[in-house]
Amino acid sequence: MRYAAIGDSFTEGLGDQRADGSPRGWADRLAAGLATSLGEPIWYANFAVRGRLLDLIAAEQVDPALALDPAPSAPPRPPGTGRTLPSDVRFYLRHVGPWLGRRALRRSSGDGRVPKHPQWVEVPPTP
């Protein structure tokens, strides 16, 4: 199976760090879950870049994802349709406040960033 993800910080995994500090989001977790449930490695690409809005996701990520060789398999959907935010005030101080500041300045936390995995990477199943 070949699976390509597109999106923003939620897909990239911002705020969901591995022990080594690298981001791990729902797309990484889905790739690992697919590999485990299939009992074989899958190939995964992640074009997500934090701060991207729908128009930039469509303009910058869809065509490169579809141009991968070989092409992605039928894409799975992200788990759930909604997102709940923690009620912890630290979350708002760390994420929402800076986000509002960037929006006021018409900047993005993703300015100058590149996709997480713009080529296929193998994701093995976990025991």
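The values are calculated or read from the model by the stated rules, or taken from the named source; none is laboratory data. These numbers come from a predicted model, not from an experiment. Quick reminder, even Gly has a Cβ in these numbers, built from the backbone with ideal geometry, and neighbours come from all protein chains shown.
Is it the case that some residue within the range 75-89 is at pLDDT 80 or above and not in a helix (DSSP H, G or I)? Within the range 75-89 (the criterion being at pLDDT 80 or above and not in a helix (DSSP H, G or I)), the answer is no, since none of the residues qualifies.
Applying the criterion of at least 2 residues that are more than 16 Å from PRO125 (Cα to Cα) and not acidic (Asp, Glu) to the helices (runs of 4 or more DSSP H) found wholly in the range 8-74 leaves 9-12, 54-57, 63-66.
Is the range 43-62 home to any residue that is modelled with pLDDT of 75 or more, within 16 Å of the chain's Cα centre (by Cα) and of a type in the set (Lys, Arg)? Scanning the range 43-62 turns up at least one residue that is modelled with pLDDT of 75 or more, within 16 Å of the chain's Cα centre (by Cα) and of a type in the set (Lys, Arg). Every condition in (1) modelled with pLDDT of 85 or more; (2) over 12 Å from the mean Cα position of the chain (by Cα) holds for PRO98 except the one numbered (1). All conditions in (1) part of a helix (DSSP H, G or I); (2) touching a helix residue (DSSP H, G or I) at 6+ places or on another chain (Cβ under 8 Å); (3) among the hydroxyl-bearing types (Ser, Thr, Tyr) hold for TYR3, with the sole exception of (1). Selection of the range 17-63 for residues being closer than 13 Å to LYS116 by Cβ and β-branched (Val, Ile, Thr) yields only VAL49.
Six or more apart or on different chains, Cβ under 6 Å: which pairs go from a residue in the range 20-40 that's within 18 Å of ARG2 (Cβ to Cβ) to one that's in a helix (DSSP H, G or I) and of a type outside the set (D, E, K, R)? Could you list them? Pairs found: ALA27/THR11. Quick one: is PRO125 of a type outside the set (A, V, I, L, M, F, W, C), within 15 Å of ALA31 (Cβ to Cβ) and at pLDDT 85 or above? So PRO125 fits the description; yes.
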